[in-house]
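Participant: Below is one structure. I have some questions about it.
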Amino acid sequence: MKKSRFSEVQIVGILKEHEAGLATNEVCRRHGISPATFYNWKSKFGGLEVSDVAKIKALEDENSRLKRIVADQVLNIDVLKMVNSGKF
């Protein structure tokens, strides 16, 4: 996945500019983004504060770490089952 030029904090700031009353086209032109990108960001980050975005990022990191742990455990279980059945 392509990394965004903007961090989550910057995206929330751009959305706050729009909420403050700037027109969508003006915000998009000022930051060099397309209206489609703006509305995608709005659907993902709309109504969030910077602290909320940081919490979401921390939870996503923890979730990916836990998924890796579960995948490792599944592999270990499969190997133990194979050894136990004598098919190695």
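The values are calculated or read from the model by the stated rules, or taken from the named source; none is laboratory data. Every value quoted in this text rests on a predicted model; they were computed, and no experiment measured them. Cβ placement follows ideal geometry from the backbone for every residue including glycine, while neighbour counts extend to all protein chains displayed. For accessibility, only protein heavy atoms count, side chains too; no ligands or nucleic acids. Shrake-Rupley method; radii C 1.70, N 1.55, O 1.52, S 1.80 Å.
Participant: Can you pull out the residues in the range 17-57 that are outside any helix (DSSP H, G or I), open to solvent by 50 Å² or more (accessible area, probe 1.4 Å) and among the aliphatic types (A, V, I, L, M)?
Facilitator: ALA20, LEU22, ALA23
Participant: For the range 1-16, which positions are part of a helix (DSSP H, G or I) and open to solvent by less than 50 Å² (accessible area, probe 1.4 Å)?
Facilitator: ILE11, VAL12, GLY13, ILE14, LEU15
Residue-by-condition table, conditions (1) of a type outside the set (Asp, Glu); (2) touching a residue at least 24 places away in the same chain (Cβ under 8 Å):
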position: GLU26; (1), (2): no, no
position: ARG29; (1), (2): yes, no
position: ALA36; (1), (2): yes, no
position: TYR39; (1), (2): yes, no
position: LYS57; (1), (2): yes, yes
position: MET82; (1), (2): yes, no
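Participant: Let me ask something else. If you take the residues of the range 58-88 that are among the polar types (S, T, N, Q) and closer than 25 Å to VAL12 by Cβ, which of them is least open to solvent (accessible area, probe 1.4 Å)?
Facilitator: Top of the filtered list is SER64.
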